[in-house]
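Single-structure report; data block below.
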Amino acid sequence: MESKNIDANTSVFRWLDWPTIIIYLILVVAGAISIYAASYDFDRASMFDFNEFSGKQFLWIGLSIIIGCAILLFDYRIYETYAYPVYIVVLLIMVVTIFVAPDIKGSRSWLVLGPVSLQPAEFGKFATALALAKLFNSYNFTLNQKISNYFRALIIIFIPVTLILLQHETGSALVYISLFFVLYREGMSGLVLFSAVCAITYFVVAVKFVEPLLLGIPIGEFTVFCMIIAVFCCMLLFYCKDAIISRNVLIGFTGSGLIVTALTLSGINVPGTWYFIGIIVAALIYVSIAMYRHQIERYVVTIIFAAASVMFLFSVNYVFGHVLEPHQQMRIKVALGIVDDPRGVGYNVNQSKIAIGSGGMTGKGFLNGTQTKLKYVPEQHTDFIFCTIGEEEGFAGSSAVLIAFLALILRVIHIAERQRTPFGRVYAYCVVSYLIFHIFINIGMVIGLCPVIGIPLPFFSYGGSALWSFTILLFILLRIDASRKERRD
Amino acid sequence: MAKDYSLEKRKFVIGGFITVVVIIFLIQLFNLQVSDATYKENADSNAFFRKVLYPSRGVIYDRNGKLVVLNQPEYDVMLIPKDLGNEFDTIGLCNVLNITKEELLSKWADMKNPRKNPGYSAYTPQKLMSHLSQEDYGRLQEKLYLFPGFYVQKRNVREYATHSAANVLGNIREVNAKDVENDRYYRRGDYTGDLGVEKSYEPYLRGIKGEEILMKDALGRIKGKYEDGIHDVIPVAGRDLTLSIDIDLQEYGEKLMQGKIGAIVAIEPQTGEILCMVSAPTYDPSLLVGSGRGKNYASLVSNRLKPLYDRALQGMYPPGSTFKPTQGLIFLQEGTITPSTAYPCYHGYVNGIRVGCHAHGSPLPLKPAIATSCNAYFCWGLKNFIDKKGSTPSAQLEKWKNYMVEMGYGYRLGVDLPSESRGFIPNPDYYSNSFRGSNWRANSIISISIGQGEVLATPLQISNLAATIANRGWFITPHVVKEISDTVIDSKYREKRKPSIKKEYYEQIAEGMRMAVLGGTCRLANLPGLDVCGKTGTAQNPRGKDHSVFMGFAPMNNPKIAVAVYVENAGFGATYGVPIGSLIIEKYLKGSIAPERKYLEERMLNANTIISSGVKEH
């Protein structure tokens, strides 16, 4: 009995994925040093002073490592066995949080326990990942087996989303959207991701380019119509594999386009909206009559896709103007460069771009950054921590951090694919999804490519909850992975 | 379960996606950090420096367009500790600022003291010294290049074109932590209105702050505007106020009240505009401006005569006989009396208890009862009203209270100034409690009929009663601000409020008050050609001599001014109240005092009643 235990423990460390651990350690230590730099004040105390953010962060890191080791010491089966209970307990804590949390800047997401404040939403991440993995590990479960399997997966994802939205933490709730990557990996149609990409592209183009007018409609809308037509033709050609219909449709579009161009040049006003709706409806009718091949459902999908795209375009303006709150509209507009607002919402982004931009190739050197020190960049030790790295370590440092994150993600994908059970694989892909989303949004926001959404940079941003959450997430994965060579009973 | 190898290929899509994202991010980082020079330029100049541009605060005029409160520039010495050289010329700075080295060091210590200056940071602007004079400012501006990291912030402080009306005007002070917390407009070091219209009209007066974005170099020297100032925000000046106060009348009133404790409130009846509102003793509003503010404020607070206490709207006094008209109105409206009902007076009200009265003819109907201020008449009236057959004292008193509230007593009138008192009008519950359940009847509460006992009113409420009688039955909520530039005053100050008492009954009261002036208690107020109506009051109080009260309006028909005068511990209403009230009326309507009344003016100006108030001046 005893010898078996020792055996199990040594095997844990033998099969532990050391590259991941090394990247992890590099990132957290670099994070704490950046926090020290971000909150450094020349007449203030040392890096390890517990009154400073950096000192506290080292404390959090120490506790993280203890938590990590504890996780590794448990049997890997525990995480599978207790996946649902853990999920439910975390959900209950999140429900309680809504009612007992104090209102901090409009959000009720912090649970205050004496001197420690925790954000249960952060711990929802690994709990949801465990529950999702457990679901996919059910006997003979495949996503495409029946539609209710999708519902079960989506319910697991959207319960924490709803609870976090009720805590007014929109950013943290959006993180869970990334779990669609997991569903994709497990068999969800690529069309869903393709639709999402199209929707985002259409949205950005339609909202961003409002001038000048072409055929009486904004150029952005005009472009989206053209893109819808192009996507339609491409889907006919590559997805339905029907070159003839695709060619005919393309000829029809080109012909009508030439006619409209001629009419416009001769001074006749063609109402653009009606023109596009007319030709698209005509093409859809043509395709629905002409489809005769055996892959009929692909034609239906293509037609619905085109029709939905048009409807989406019309609802974009409505949603943007009527559903989103003004500050959200503003953030999107600033991110898209529609409005230049250096003191309002754009101020943060502009300042963070200046801070990063001032770093140059090699940076100003540790603690020599002026932009971030002058407290012009807000939230510089939390959401905007990447600024400090950009300013003080320059392109060399910031790209090193980016590449370290990329390496971590690719490594976790590699780990995911070597799992022998769906449980391990799905869990690992959840980790991948969270990391992708956090890095995409956080760094994207700091360098002015994404809207400002307040979520932390994993391992870097100051705060115990986020650090512990990612540590737990990663170490459970490492523990599951370390057991890949063990014999299954 | 077997692996689905067609799905395994999807790892390339996911891995490819994040790789592409990272590549795009790397390109953007390269653009920002290596190829695009503009961010570098901005950052080489170190940082933006956002300088607040303070709007000029709205100025204040009196009702005749005289400028009463204006702005004067004042300068604060600011510095950013981090930008100071390793050593700077302390002695040179002392010479420029005209202070000693010790003073400078103590200011320096205060600035760095986290208790006195909780927002201290070496990287942000800090205030070293405020209230710099124009000359010191000029000298510093010239030598500023010698002191990197220093700059001067211009601020507007108040200047007063009058020495009076401090209670109405109020003043401005630096915001405290609570203000900053409650209102996002404020930053530490801003000014806000304190007392008076400065406080109640703060949102109008303060304007909207602007901002100038400047660029600094590594040495902290200002290098000019960021992008030629296209992002600057120009401040919007505050709105100007026009007071309803006639500043000359206010000054005159304050002069008359010198050496006395009390208040004068004059109202234009048709509009509810307050013409003057004197609280005595008062102080010069200029005392609370500039470097002397702290010391002066402390001495005003500790002054035993409480000059900061606005007696005109905070003082709660027994209204005395000025209350009798309200009783007459209620009795008439309720049918307790008719204009011809007469009550006997045997040197007072004698009916089981005794309330004294002075010598006059008996019995009297209402008008002469008001003219002679007969106590017995109103005691009888209240007795018959409260002990009405078929009703209970409680029900009757409830009715009585409702009439009083309609007439503006018992609750705040709603004047546009902070901290108005509501006075006190008892209701049946109050008496049930104070008599502890035992039956109370008219005789138990009889003194309220002559404005004594539990009843308390502010001089503003008394003046408002005079205005209501002048209007024969309506009033507009009294207010001190007549106009706000580019906007209108609150509709509450334009709407009539009507007590549910018939106009004809008010006419009776007005005639009674006219008789008081012609041949009753207010004969000193008989100004030829002005048809003054008046009512005296001699309010007993537990602390010392009676208070002298007067309430009146003029002219009787088409009245232009209603006034209430309250002088603490000054004796009969006729001794101080009537002369001061009549002088105010005369001054306002005639512009000057007739030669034959100069003696009266002289006597009032020189009288001192503080001696008899029992408060020792220091």
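The values are calculated or read from the model by the stated rules, or taken from the named source; none is laboratory data. Everything numeric here is computed off the predicted structure, so don't read it as measured data. Note that each Cβ is placed from the backbone with ideal geometry, even for glycine, and that neighbours are counted across all protein chains shown. Just the protein is used for accessible areas: all its heavy atoms, side chains included, with ligands, DNA and RNA removed. Shrake-Rupley method; radii C 1.70, N 1.55, O 1.52, S 1.80 Å.
The rule of thumb for compact globular proteins, 2.2 N^0.38 Å, goes into the C-alpha radius of gyration of the protein assembly as shown 1.31 times.
Toward the positive end of the charge dipole of the protein assembly as shown, with +1 on the Cβ of Lys and Arg and -1 on the Cβ of Asp and Glu, the farthest Cα among B:Gly352, A:Leu402, B:Tyr576 is that of B:Gly352.
Ignoring lysines fewer than eight residues from B:Lys399 along the same chain, the ones with Cα atoms less than 24 angstrom from its Cα are B:Lys324, B:Lys367, B:Lys383, B:Lys388, B:Lys389, B:Lys496, B:Lys498, B:Lys502, B:Lys503. Over chain A, dividing the summed -39,500 (n - 2.57) contributions of all DSSP H runs of at least 4 residues by the number of residues returns a 222 nm mean residue ellipticity of -22500 deg cm²/dmol. For the residues of B:24-31, the average number of beta carbons from a partner chain within 10 Å of their own beta carbon is 6. If only the Cβ of Lys and Arg carry +1 and only the Cβ of Asp and Glu carry -1, the dipole of chain A around its Cα centre is close to 1120 debye. What is the distance in Å between the Cα centres of segment B:541-618 and segment A:422-440? Each part's Cα centre sits 87 Å from the other's. For chain B, averaging the sequence separation of C-alpha pairs within contact (under 8 Å, six or more residues apart) and dividing by the residue count gives a relative contact order of 14 percent. Note on segment A:211-333: Rg/Rh from Cα positions, Kirkwood definition for Rh, rounded to two decimals, is 1.04.
If contacts are Cα pairs under 8 angstrom and at least 6 residues apart, what is the relative contact order of segment B:307-426 in percent?
Relative contact order for segment B:307-426 comes out at 25 percent.
Listed by chain and number, the lysines whose alpha-carbon sits under 21 Å from that of B:Lys107, ignoring those within fewer than 8 places in the same chain, are B:Lys82, B:Lys116, B:Lys127, B:Lys143, B:Lys154, B:Lys295. Each chain gives up part of its surface: A and B jointly bury about 4600 Å² of accessible area, both sides summed, for a 1.4 Å probe. Would you mind getting me the FRET efficiency between B:Glu483 and A:Thr264? Use the beta-carbon distance for r and R0 = 51 Å, nearest 0.05. E between B:Glu483 and A:Thr264, to the nearest 0.05, is 0.30. Partners of A:Lys364 within straight-line reach, counting aspartates and glutamates whose Cα lies under 18 Å from its Cα and excluding those fewer than 8 residues away in the same chain: A:Asp41, A:Glu391, A:Glu392, A:Glu393, B:Asp36, B:Glu41, B:Asp44, B:Asp217. The phi torsions of segment A:83-90, fed into the Karplus equation with coefficients 6.51, -1.76 and 1.60 and a -60° offset, translate into couplings of 4, 5, x, 4, 4, 5, 4, 5 Hz, rounded to whole numbers, with Gly and Pro shown as x. Phi-derived couplings, Karplus 6.51 cos²θ - 1.76 cosθ + 1.60 at θ = phi - 60°, listed residue by residue for segment B:554-564: 7, x, 4, 9, 6, x, 10, 8, 10, 9, 10 Hz, with x used for Gly and Pro. Take the Kirkwood radius over Cα pairs of segment B:52-243, plug it into Stokes-Einstein at 37 °C and 0.692 mPa s, and you get 178 µm²/s for translational diffusion. Only one residue of A:Val323, A:Tyr275, A:Ile21 has its Cα farthest out toward the positive end of the dipole of chain A, where Lys and Arg carry +1 and Asp and Glu -1 on Cβ, and that residue is A:Tyr275. If you keep only loop residues by DSSP, which trypsin sites (Lys or Arg not before Pro) in segment B:118-203 have at most 15 other Cβ atoms within 10 Å of their Cβ? Passing both the DSSP loop test and the Cβ count: B:Arg184, B:Arg187, B:Arg188.
Database remark: amide H of B:Arg158 closer than 5 angstrom to the amide H of B:Gln72 (H placed geometrically; neighbours at sequence offset of 5 or more, or on other chains; Pro and chain starts carry no H). Ligands, DNA and RNA are left out, and with a 1.4 angstrom probe the accessible area of segment A:211-333 is 57 Å² per residue.
A Cβ-based charge dipole, computed about the Cα centre of segment B:52-243 with Lys and Arg at +1 and Asp and Glu at -1, lands at about 300 debye.
Placing +1 on the Cβ of every Lys and Arg and -1 on the Cβ of every Asp and Glu, with nothing else charged, gives segment B:381-439 a dipole about its Cα centre of roughly 300 debye. Our coupling estimate for segment B:191-201, obtained by passing each phi through the Karplus curve with A = 6.51, B = -1.76, C = 1.60 and θ = phi - 60°, is 9, 9, x, 10, 6, x, 5, 4, 7, 6, 10 Hz, Gly and Pro reported as x. Checking every one of the chymotrypsin sites (Phe, Trp or Tyr not before Pro) in segment A:208-292 against DSSP loop status and a limit of 13 other Cβ atoms within 10 Å picks out A:Tyr292.
Over chain A, what is the relative contact order in whole percent, taking alpha-carbon pairs under 8 Å and six or more residues apart?
Working: 612 pairs, mean separation 117.7, N = 489.
Over chain A, the number comes to 24 percent.
Mean per-residue shielding of peptide A:355-365 is 5, counting Cβ atoms of other chains within 10 Å of each Cβ. Helix B:459-470: angle to the longest alpha-carbon principal axis of chain B, degrees 0 to 90, nearest 10? Once rounded, the angle reads 60 degrees.
Would you compute, from DSSP H runs of 4+ residues alone, the mean residue ellipticity of chain B at 222 nm, taking -39500 (n - 2.57) per run and dividing by the full residue count, rounded to the nearest 500?
Numbers: 22 runs with 207 residues, N = 618.
Calculated at 222 nm, the ellipticity per residue is -9500 deg cm²/dmol.
Once the Cα atoms are used to define both axes, helix A:272-290 deviates from the longest principal axis of chain A by about 90 degrees. Give me the log10 of I(q) over I(0) for chain B at q = 0.05, 0.06, 0.08, 0.12 Å⁻¹, as the Debye formula computes it from C-alpha points; what are the numbers? Log10 I(q)/I(0), no solvent term: -0.35, -0.46, -0.68, -1.15. Separation of segment B:469-504 and segment B:297-342, taken as the distance between their Cα centroids, equals 19 angstrom.
Solvent-accessible surface of segment B:52-243, taken per residue with a 1.4 Å probe and all protein chains present: 50 Å².
Axis of helix B:101-112 versus longest Cα principal axis of chain B: the two differ by about 90°, to the nearest ten degrees. List the trypsin sites (Lys or Arg not before Pro) in segment B:469-553 that DSSP assigns to loop (not H, G, I, E or B) and whose Cβ has at most 10 other Cβ atoms within 10 Å. Which are they? Listed in order of number, the matching sites are B:Arg543. Counting 0.36 nm for each residue step from B:Leu518 to B:Arg603 and taking away their Cα separation leaves a gain of 28.4 nm.
Reducing segment A:122-136 and segment A:191-253 to their Cα centroids gives an inter-centroid distance of 37 Å.
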